[in-house]
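One structure is given below, encoded as structure tokens.
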Amino acid sequence: MKHPVELRHASRLVNHGPTVLVSTRHGERRNVMAAAWSMPVEFTPPRIAVVIDKSTYTRELVLASGMLALNLPCAALADVTYTVGTLSGRDDGAADKFERFGIDHFDGPELGLPLVAGCVAWMECKVLREPHVEAAYDTFFVEVVSAQADTRVFANGRWAFTDQNAALHTLHHLGAGAFARAGAVVQATVLTTKD
Ligand SMILES: Cc1cc2nc3c(=O)[nH]c(=O)nc-3n(C[C@H](O)[C@H](O)[C@H](O)COP(=O)(O)O)c2cc1C
């Protein structure tokens with residue numbers, strides 16, 4: 001079901017503002033956290049802004065490695081999303097969050113980052129360093145270098161949310177572990193001009 005997404009379509013993966021899982025690796029150390037605050041800022045090359053707080057272990061690994069992956073969890077991964085967004089990798093002791101919670105993962109095709117299995121889209125990204133913005137606003141700008149998606153729910157450069165694939169819909173955080181699914185699609189058309 002996993003299929004490459006053309007880089008010119010990668011920004012569309014987060015156009016609707018889903019919660020993402022930010023996964024990282026630096027040497028032997030790896031980690032994953034949830035982030036509700038991300039947005040596309042450029043189509044070509046595909047660039048995304050994501051807020052990564054100073055308190056997070058993720059930020060330490062991102063700064064050390066210069067890369068991160070954005071994984072898009074679906075409704076079936078709500079508990080995983082809430083868990084990795086509630087606990088810090090710094091508290092894990094010997095086992096990292098992947099090991100501790102049995103989170104399946106696979107290596108990204110370009111950067112070898114740990115990508116979370118069961119998500120519906122994955123992007124490996126290089127950090128475009130902006131030290132002032134990072135320090136002042138906790139915002140990291142990244143450029144997507146590989147993108148993949150689950151063809152059951154993203155095909156031909158478009159999300160295809162239907163009642164039949166509800167478990168694969170992306171998540172929107174409402175607070176305190178409650179999420180809305182992205183499934184209620186409204187197809188708009190351009191209004192005709194009144195004369
Ligand atoms: C649904 C959800 C969304 C979150 N969004 C963000 C976010 O956008 N930016 C951020 O810095 N932290 C966010 N957090 C909090 C981090 O995921 C949390 O601090 C996490 O424990 C950090 O893990 P780490 O220290 O292992 O990196 C969110 C948490 C949840 C549950």
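The values are calculated or read from the model by the stated rules, or taken from the named source; none is laboratory data. Computed from a prediction, not measured in an experiment: that's the story for all the values here. FYI the Cβ positions are ideal-geometry reconstructions off the backbone, even for glycines, and counts take in every protein chain you see. Ligands, DNA and RNA are stripped out before the accessible areas are found, and what is left, the full protein with its side chains, is counted by its heavy atoms. Shrake-Rupley method; radii C 1.70, N 1.55, O 1.52, S 1.80 Å.
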Practice task
Could you look through the range 155-186, keep only residues that are under 23 Å from residue 33 (Cα atoms) and surrounded by 16 or more Cβ atoms within 10 Å (Cβ to Cβ), and pick out the one that is nearest to the ligand (Cβ to nearest atom)?
Solution key: 173
Handout entry: All positions within the range 100-124 that are among the acidic types (Asp, Glu) and either open to solvent by 20 Å² or more (accessible area, probe 1.4 Å) or within 18 Å of residue 78 (Cβ to Cβ) (or both)
Key = 104, 107, 110
Handout entry: Residue in the range 140-153 that is within 15 Å of the ligand (Cβ to nearest atom) and either open to solvent by less than 20 Å² (accessible area, probe 1.4 Å) or free of Cβ contacts under 8 Å to residues at least 12 places away in the same chain (or both) present
Key = yes
Practice task
Return a yes/no flag: does the range 99-107 have any residue that is within 13 Å of the ligand (Cβ to nearest atom) and either in contact (Cβ under 8 Å) with a residue 12 or more places away in the chain or under 10 Å from residue 69 (Cβ atoms) (or both).
Solution key: yes
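So that you can scan it fast, the table gives a plain yes or no per residue for (1) within 13 Å of the ligand (Cβ to nearest atom); (2) within 11 Å of the chain's Cα centre (by Cα):
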position: 18; (1), (2): yes, yes
position: 28; (1), (2): no, no
position: 37; (1), (2): yes, yes
position: 66; (1), (2): no, no
position: 74; (1), (2): no, yes
position: 77; (1), (2): yes, no
position: 88; (1), (2): yes, no
Completion exercise
Note: among 22, 62, 32, just one is within 11 Å of the ligand (Cβ to nearest atom), surrounded by 20 or more Cβ atoms within 10 Å (Cβ to Cβ) and assigned to a helix (DSSP H, G or I), namely 62
Exercise for the section: For residue 93, state whether it is open to solvent by 30 Å² or more (accessible area, probe 1.4 Å), away from the ligand (no atom under 11 Å from the Cβ), at pLDDT below 95 and of a type outside the set (Ser, Thr, Tyr). Expected result: yes
Handout entry: Residues of the range 10-34 that turn out to be in contact with a Ser or Thr (Cβ under 8 Å, 6 or more places away or on another chain) and without any contact (Cβ under 8 Å) to a residue 24 or more places away in the chain, as a count
Key = 0
Exercise for the section: All but one of (1) within 18 Å of residue 15 (Cβ to Cβ); (2) modelled with pLDDT of 95 or more; (3) touching a Ser or Thr at 6+ places or on another chain (Cβ under 6 Å) hold for residue 182, so report the exception by its number. Expected result: (2)
Fill in the blank from the handout: Counting only residues in the range 36-59 that are small (Gly, Ala, Ser) and within 20 Å of residue 159 (Cα to Cα), the one most open to solvent (accessible area, probe 1.4 Å) is identified as 36
